[in-house]
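The values are calculated or read from the model by the stated rules, or taken from the named source; none is laboratory data. Not measured: the values here are computed from a predicted model. Here Cβ is always computed from backbone atoms with ideal geometry, including for glycine, and neighbour counts include all displayed protein chains.
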Amino acid sequence: MEKIIAGRHMSIQERTKDYINEQLARIETDYEKLTSARVVIDKGKAEFEVEIILHGKKIKYTAKSSDRVVHTALNAAIDKVDRQLRKHLDKAQDHNHTSTSEIEIASRESAVTDEEIEEEALKLLE
């Protein structure tokens with residue numbers, strides 16, 4: 001996955017870049033269809049604003065967060081985008097359905113007849 005880490009009106013320390021890469025690696029292992037991630041940290045007058053943009057196969061998610069501490073804003077944005085991805089995966093459907101003819105055959109093979117039920121009941125009563 002391509003990772004782009006940028007800072008507006010500031011330079012980003014190596015320690016912060018390492019932390020961002022660790023968090024993105026955690027997300028990358030959970031969601032294999034991601035192709036790129038962009039993290040932009042903007043320094044305002046009193047706060048840091050973090051924006052995370054994830055691109056993947058047929059998906060694009062964006063999360064923003066701001067706080068006075070960079071790591072707090074990063075954690076909040078990562079939690080938001082992780083929640084969005086989890087919701088996306090929960091909605092994904094399995095399109096490899098079993099055909100109705102296979103279900104009917106399986107139900108016929110496992111069907112218990114009324115006579116077998118009566119025989120079992122008589123055995124229990126004896």
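Okay, residues lined up against (1) out of contact with any Asp or Glu (no Cβ under 8 Å at 6 or more places or on another chain); (2) at pLDDT 75 or above; (3) part of a helix (DSSP H, G or I):
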{"residue": "Thr62", "(1), (2), (3)": "no, yes, no"}
{"residue": "His71", "(1), (2), (3)": "yes, yes, yes"}
{"residue": "Ala77", "(1), (2), (3)": "no, yes, yes"}
{"residue": "Thr98", "(1), (2), (3)": "yes, no, no"}
{"residue": "Glu102", "(1), (2), (3)": "yes, no, yes"}
{"residue": "Ile105", "(1), (2), (3)": "yes, no, yes"}
{"residue": "Glu116", "(1), (2), (3)": "yes, no, yes"}
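Out of the stretch 1-51, which residues are in contact with a His (Cβ under 9 Å, 6 or more places away or on another chain), polar (S, T, N, Q) and surrounded by fewer than 14 Cβ atoms within 10 Å (Cβ to Cβ)?
Of everything in the stretch 1-51, those that are in contact with a His (Cβ under 9 Å, 6 or more places away or on another chain), polar (S, T, N, Q) and surrounded by fewer than 14 Cβ atoms within 10 Å (Cβ to Cβ) turn out to be Thr35, Ser36.
Working only within the stretch 1-27, note down all residues that are touching a strand residue (DSSP E or B) at 6+ places or on another chain (Cβ under 6 Å) and within 15 Å of Gln84 (Cβ to Cβ).
Correct list: Leu24 only.
Would you mind finding the one in Val81, Val39 that is closer than 25 Å to Ser11 by Cα, at pLDDT 75 or above, under 23 Å from the mean Cα position of the chain (by Cα) and part of a helix (DSSP H, G or I)?
Just a single option satisfies the conditions, and that option is Val81.
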